[in-house]
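See below for the structure under consideration.
Every number in this text was worked out from the coordinates using simple rules, so none of it is lab data. Since the structure is predicted, the reported quantities are computational estimates derived from the model, not experimental observations. Reconstructed Cβ throughout: ideal geometry from the backbone, glycine too, with neighbour counts over all protein chains shown.
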Amino acid sequence: MTFEAELYWSGAGLIALWLAAFGIALAATRNGAVEAAPATQEFGPEPESPAVVALLANRWRSVDRAAAATLLDLAARGLLELRQPADDPAHSTVHLTGKDAADLTPYERRVLARVAERAGETGAPIGAIAFRGEERAKAWNGALRQEIVVEARRRGLSRTRFAPLLATALFMTLFAPGALFGVAAVSGGHGIRGALAVAVLPALPLMWLLARSLGERATPRGLERAGHWAGVQAWLHAHEEFAPLPPAAVTVWDRYLGYGTALGVTSRAGRLLGFDAGDKRRVWSSYGGTWRPVRIRYPRLRPGFGATTARLLQLACAAGVVAVGLYLFAVLRQPDWAVTTGPDADHSLRRPGLLLSAGWVGIALLGVLVAGRFGRWTLFVAFLALMPGNFGSAHGWLGHAMDRSGLLVGETVAIVSFGALAAYYLTLAVLERRAPHTVTGEVLRMEPRRRESAPRFLALDTGDADRTVAWALPPEAPAVAPGSVVRLAVSPATRAVRSADVVTG
Amino acid sequence: MGVIVGGISAVLIAVLAWWLVRTYNRLVRLRNQTQASWAQIDVQLKRRHELIPNLVEGARGYAAHERATLEAVVAARGVATGGGLGIVDQAAAEDALTASLGRLLALGENYPQLKADRHFATLQEELTTAEDRIAYARQFYNSAVQSYHTALESFPGNLLAGLGGAHGRKEYFEAGAVVQDAVQVRFA
């Protein structure tokens, strides 16, 4: 065995060793079983807050429902008030009572601050508490989790899964196999870049495994309290009328509603009080004076959405090229193109469908090329597009289509459609040259697109309608925070934002 | 053809049987829940009853000549702990006890020394906590009774209730006029 091979095998062995050590560490630090106490309605002396109970109920992995449970608990303790003005609990509102909030924990203050930010002095619908973007919701909930974990540790209910020494040792040793691979690559004559890649690659999955397992685990006291709360959960579960209680029922059930939400029993209240990114298509807005839900439409399939004049002209050219190409192909093609020729040929049709498909797909490719959309998958998709024609030929179909001279019905439809599309793009390009309109309103949401080069959606509430269609913010324009009031110069035809001024941030 | 009809019939009968068994089991579960909820009320009531002798003794040290009030509390407690009461009678006895306790605690206003007594204050606090717990236990009990009644009166619960016996309406444990707080109406 060569020296390099020995190094590679040693590296592989180290990976196996690391995985074994990691598995032992996982097994040694797993949470013990929670022994559920008998069903009870008692919280016990000095009960944990609903947020900490949510951590325990989620097996120390997450704090799902903790924010909603904390809001309900704050309402039960008189710091907030929940009112349900009609039958639909989704239209409940939350109000600050002004009661002294001096003794609150950091996570309770965080929840209260979020409610205060939205509710102000007049109150807000509970749906307005949700954040209007994934990133902010994620950051806020991450910070909330940290604060809850600190409280759980202070109470002796939780601890870090791996001791610092163990975590450091696992982290440092996960680079050892890669180091051996790197040395082997260098001594095998590979370049430094290749050696670095070989050295780093094995560490990445191991690092991912380690990062996934870092977190909290139960203490013996934590398991005992989790067992008690499992008893409360069983008690609440047994009461069928408890599950569908709306948030405003906190007036009657006091802290039970908060604990029920933390334990996942009162599913309805927990669902309605979402401290998440919120609904993309239905956002509560108070711009214009009163709170109301605004429905947002994102025109994902609208041709020319957010396009510049140059881009519209390019798209018009592409559509025109396809229309003209299809017409020329239909007019110029001859039936004998698909007939076998040569000294031994019997003049039978050879794959007429494939020939037709090839023509159509070729023209489409030309259109894609002119439109500047030729990507890495284009040829593969084009290849797949040839398959139906090939399949049809193999079964004797489409032979008559090739025999016929002139336009086929499908071709006529396609030519008219692409011609109309070209005319549509040209019209948009002309309209785009007109002076922009100015609209002022509050940004409801900013939604990115899968393609980074595509314009982002900017949903704006101008205060005069309950429905809005998102505008197209160019990819190079700076992002605008939801909640800001902005003045936009827009082209209504393409819904493109030409400029944006923040009025109030 | 006959096999198909037979098979479909067997499946339908099995589904029907499963539905009936499930409904009956739900009735049993709800009835047991009312009993468990009543047991919780009983525990909380006993806790309150145990506090009262010490409270009376504490008050007697400072307000011995308020004999009528003290004896009323003792008598009301005697009725409440006497046993053999149905749910409605028990609720009435507890209401009477709550009313007499209210008068006892009001003595603290007339006797500053009694009010300042730490032991009396502690007992008073424990009593308040116990009464809160009774209120929640009563809510849970009444909620369980309501679910049980709904299941009993809905189809097919109303048909099945008679089959296994032991299913019948339960009494609500309702707060009497004495302990009911005035309802505050807020216009949103």
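Observations on the structure shown:
- Taking 12 Å as the straight-line reach from the Cα of residue A:99, the aspartates and glutamates in range (excluding those fewer than 8 positions away in the same chain) are A:81.
- Percent RCO, i.e. relative contact order, over the stretch A:232-316, from Cα pairs under 8 Å lying at least 6 residues apart: 18 percent
- By the helix-only formula, in which each DSSP H run with n ≥ 4 contributes -39500 (n - 2.57) and the sum is divided by residues, chain B has a 222 nm mean residue ellipticity of -28000 deg cm²/dmol.
- Stokes-Einstein D for the stretch A:3-282, Kirkwood Rh over Cα pairs, 4 °C, 1.567 mPa s (µm²/s): 61 µm²/s
- FRET E, pair residue A:423, residue A:383, Förster distance 30 Å, beta-carbon r, rounded to 0.05: 0.45
- Efficiency of FRET between residue B:87 and residue A:241 - r from beta-carbon atoms, R0 22 angstrom, step 0.05: 0.70
- Ranked list, fewest to most other Cβ atoms within 10 Å of each Cβ, for B:49, B:167, B:65, B:119: B:65, B:119, B:49, B:167
- Residues whose placed amide H lies under 5 Å from that of residue A:456, excluding near-sequence neighbours: A:473
- 3J(HN,Hα) along the stretch A:253-264, derived from phi through the Karplus expression 6.51 cos²θ - 1.76 cosθ + 1.60 where θ = phi - 60°, amounts to 9, 6, 6, 4, 5, x, 5, x, 5, 4, 8, x Hz, with x in place of Gly and Pro.
- Between 0 and 90°, nearest 10: helix A:309-332 axis offset from chain A longest Cα axis: 40 degrees
- Rg/Rg_globular for chain A, with Rg_globular taken as 2.2 N^0.38 Å and Rg from C-alpha atoms: 1.38
- Inverting the pair-averaged 1/r between distinct Cα atoms of the stretch B:36-98 gives 12.4 Å as its Kirkwood hydrodynamic radius.
- Axis angle, to the nearest 10 degrees, between helix A:134-154 and the longest C-alpha principal axis of chain A: 30 degrees.
- The stretch A:3-282, relative contact order in percent, only Cα pairs under 8 angstrom and at least six apart counted: 34 percent
- Computed over the stretch B:40-139, the range of Cα coordinates on each principal axis works out to 39, 24, 17 Å, biggest value leading.
- Fewest neighbouring Cβ atoms within 10 Å first, the residues A:337, A:235 line up as A:337, A:235.
- Amide H contacts under 5 Å for residue A:496, placed H, 5+ residues apart: A:306, A:472, A:491
- For the protein assembly as shown, DSSP calls about 90 percent of its internal beta bridges antiparallel.
- Taken over the stretch A:210-351, the ratio of Cα radius of gyration to 2.2 N^0.38 Å equals 2.30.
- Sequentially through the stretch B:97-112, phi angles give Karplus couplings (6.51, -1.76, 1.60; θ = phi - 60°) of 5, 4, 5, 5, 5, x, 5, 5, 5, 5, 4, x, 6, 8, 10, x Hz, Gly and Pro residues having no value and appearing as x.
- For chain B, relative contact order (Cα pairs under 8 Å, six or more residues apart, normalised by length) works out to 34 percent.
- Backbone amide hydrogens, once placed in the peptide plane, bring residue A:333 within less than 5 Å of nothing, excluding anything fewer than 5 places away on its chain.
- Among B:150, A:2, the order by Cβ neighbours within 10 angstrom, fewest to most, reads A:2, B:150.
- Within 10 Å of the Cβ of each residue in B:136-146, the mean number of Cβ atoms contributed by other protein chains is 4.
- Phi-derived couplings, Karplus 6.51 cos²θ - 1.76 cosθ + 1.60 at θ = phi - 60°, listed residue by residue for the stretch A:474-484: x, x, 7, 6, x, 5, 10, 6, x, x, 6 Hz, with x used for Gly and Pro.
- Cα centroid separation, the stretch A:316-339 to the stretch B:14-69 (Å): 87 Å
- Every helix of 4 or more DSSP H residues in chain A counts as -39500 (n - 2.57), and over all residues that averages to -16000 deg cm²/dmol at 222 nm.
- Computed E for residue B:115/residue A:221 - FRET, C-beta separation, R0 22 angstrom, nearest 0.05: 0.05
- Degrees, to the nearest 10: B:2-62 long Cα axis against longest axis of chain B: 10 degrees
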